[in-house]
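Okay, structure first, notes after.
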Amino acid sequence: MNEEKLTYKDAMASIEEIVAKLEDNKMDVDELSVGVKKVSELIKFCKSKLKETEAEVDKILADMDV
Amino acid sequence: MASNSLTLLELHTRIKESFRKTFPSAIWITSEISEMHDNRSGHCYLQLAEKDKTGEKILATSRATIWSSNYMMIKTQFGNITRRPLTAGLKVMFKVEVVFHVLYGYSLNVIAVDPSYTLGDIERRRREIIERLTNEGVIDMNKLIPFPDLPKNIAVISSQTAAGYGDFMEHIQNNTFGYKFNVKLFPAIMQGDNTRGSVIAALDSINEYVDFFDVVVIIRGGGSQTDLSYFDDYEIALNIAQFPLPIISGIGHERDVSIVDLVANLRVKTPTAAAILLINRFQIQDNLLSDYGSRLKESVETLTEKEYNFQNNKIILIKHLFSALLSKHKTSLVLLSQKSSYGVQALIKGQDISLSSYFADLKNLTSNKINIENMNFSHIILDIKKQSNFIFASSSSLLEIAETKMKYANPDIILKRGFSITRVNGKAIASISNLKLGDNIETKFSDGNAISEINKINLKI
């Protein structure tokens, strides 16, 4: 998983896919832990997009010549 | 030299009289206001102009005055009905007194206006702009841009000092959910003649960072005066419609919809509403994430419970099968043991330790037994073979011996070696006791017989 290039939209799509697979009983026990781990990471990533600030962004905004 | 010339005053007096006769009372006229100046004393001086249909060529102009006695009332009435101030650029229906002053010349005194005419004209112009944008195929372009799930990086077009901008920032930065937005202001003049150029310049600046921003929010300067006319503008609307980022229009009014509102991706009535809209987008995603989280947990629980039950059922089933098998085999073991020797019994008891070892041992035992039996059988066969060989061999030698013995027992051969057979009355005599004196005995030799008489008998002592 390339964290840098992961977009919020892609992350949400992946979450939806895995959860749907789980709910449709299309995931077996062997895949379960991998799936759960991945979804947890993606949710964490998405939550951070909601609430965390990125220093780099602040710098970009400050550098804008307006 | 003509003697009937008039002085200027005489001329102006006549013109004035002519005006009075031609325009005995006030009349309604329509004209565009080309210039407008408020006087310190409360009077309003206007320059009126009529243009041709292209709007480029001026066909007629006139000065006009709204005296302070009328101005306040006219201004209020006009503003209330059209919801915009009486300003230059508007087409207005005036009730005017056509006057000619001997000293100042021709002028119009405005004593009333009909705001509904202006409304109609504005509406007509709006319709023209909308029609033009529609015909050019741009009117829905900004609306068609998908609104981002997380409008995190926001470019704001507003006046820095505007109350509306302050409201927006207050709501967006201090949202109770702790969502983080990155907001950058691109200052612009939001009313007056410079609105168009200023807003378009701000859009151009944002366009340089188009990859960075998610949305653009246009917030009107605020204040009580609601002049939206500058946003009923073709150029601004065209720029907004074609802008590559979705634009939220926050310049609206409770009742009015400007053309900018029409072409924007989304429109809200107030800057605060714009902030709430953006926060809501985050909330939707937040709720979605929470929902995914609980769905994940639920389905994992369901799945693990299902697996657990499945395994449990299997274990129970296996236990039943094993105990059934076990008791069956125990029974046969008991039966077997009853029939078996003590040694076997002890052996079986020894095996009855655990189920698994029992099965393994039972199998081993069985195969061992079979092996042992097989070996025994082979031994027996071998033994039989040996035995028969032996018997055969010994029989052969016995026969030889017998043959030899038989050979040596042949009376002819014995007779030849010097022995003889003695018979009395044809009967062979093996003991002297069978003879008595005077008996005639026949002695047989290998090559003939001799008859003798017994003269003496000596017994071996």
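Coordinate-derived values only; no laboratory data. In this text, all values refer to a predicted model and were calculated from it rather than measured experimentally. A quick note on method: Cβ atoms are made from the backbone with ideal geometry, for glycine too, and the neighbour counts reach across all protein chains shown.
Quick notes on this structure:
- Semi-axis lengths (Å, descending) of the ellipsoid that matches the C-alpha gyration tensor of the stretch B:41-94: 23, 15, 7
- Taken along the Cα-to-beta-carbon direction at a fixed 7 Å, the label points for B:Gln242 and B:Asn80 span 4.3 nm.
- The string of couplings for the stretch B:311-317 from the Karplus curve (6.51, -1.76, 1.60, θ = phi - 60°) is 5, 4, 4, 4, 4, 4, 4 Hz, one whole number per residue in order, with x for Gly and Pro.
- Placed amide H near B:Val113: partners under 5 Å, 5+ positions off or other chain: B:Lys95
- Protection proxy ranking of B:238-244, A:15-21, by the mean of other Cβ atoms within 10 Å over each peptide's residues and highest first, is B:238-244, A:15-21.
- In degrees, nearest ten, helix B:68-82 long axis to first principal axis of chain B (Cα): 20
- Shielding by partners - mean other protein chain Cβ count within 10 Å, residues of B:199-206: 1
- Burial ranking of peptide ranges B:214-220, B:134-140, B:149-155, B:108-114 (average Cβ count within 10 Å, highest at the top): B:214-220, B:149-155, B:108-114, B:134-140
- B:Lys319-B:Thr176 FRET efficiency (beta carbon distance; Förster radius 51 Å; 0.05 resolution): 0.35
- Gyration tensor (alpha-carbon) shape descriptor, chain B, a/c threshold 1.5: prolate
- Interatomic Cα distance distribution for chain A, bins of 10 angstrom, percent: 18, 39, 24, 11, 6, 1
- Candidate aspartates and glutamates - alpha carbon under 20 Å from B:Lys330, same-chain residues fewer than 8 apart omitted: B:Asp352, B:Asp361
- Averaged over the residues of peptide B:425-432, the number of Cβ atoms from other protein chains lying within 10 Å of each residue's Cβ is 0.
- With θ taken as phi - 60° and the Karplus curve 6.51 cos²θ - 1.76 cosθ + 1.60 applied, the whole-hertz 3J(HN,Hα) list for the stretch B:447-455 is 10, x, 10, 9, 9, 10, 10, 6, 9 Hz, x standing for glycine and proline.
- Long-range amide H partners of B:Val156 with built H, under 5 Å: B:Lys184, B:Leu185, B:Phe186, B:Val217
- Percent breakdown of C-alpha pair distances by 20 Å bin, ordered from the shortest bin, for the protein assembly as shown: 14, 22, 15, 11, 9, 7, 6, 5, 5, 3, 2, 1, 0
- When you count the other C-beta atoms within 10 angstrom of each residue and take the mean per peptide, B:5-12, B:44-51 line up highest first as B:44-51, B:5-12.
- Taking a straight Cα-Cα cut-off under 16 Å and skipping sequence neighbours fewer than 8 places away in the same chain, the lysines within cross-link reach of B:Lys75 are B:Lys91, B:Lys95.
- Annotation: amide H-H contacts under 5 Å for B:Arg267 (H modelled 1.01 Å from N, sequence separation of 5 or more, or interchain): B:Ser249.
- Compactness of the stretch B:171-312 was expressed as the Cα radius of gyration divided by 2.2 N^0.38 Å, which yields 1.49.
- Unit charges at the beta carbon, dipole of the stretch B:2-77: most positive-side option, B:Ser62, B:Ser31, B:Leu6: B:Leu6
- Flagged links, alpha-carbon separation over 21 Å, of A:Lys51/B:Lys269; A:Lys37/B:Lys314; A:Lys59/B:Lys143; A:Lys59/B:Lys184; A:Lys9/A:Lys47: A:Lys51/B:Lys269; A:Lys37/B:Lys314; A:Lys59/B:Lys143
- The stretch B:229-238 - phi-based ³J(HN,Hα) in whole Hz, Karplus 6.51/-1.76/1.60, Gly and Pro as x: 4, 6, 9, 8, 10, 4, 5, 4, 4, 4
- The dipole here belongs to chain B: it is taken about the Cα centre, uses +1 on the Cβ of Lys and Arg and -1 on the Cβ of Asp and Glu, and is about 3380 debye.
- Peptide B:139-150 has a mean shielding of 1, counted as Cβ atoms of other protein chains within 10 Å of each residue's Cβ.
- Dividing the helix sum by the residues of chain B, where each DSSP H run of 4 or more adds -39500 (n - 2.57), gives a mean residue ellipticity at 222 nm of -17000 deg cm²/dmol.
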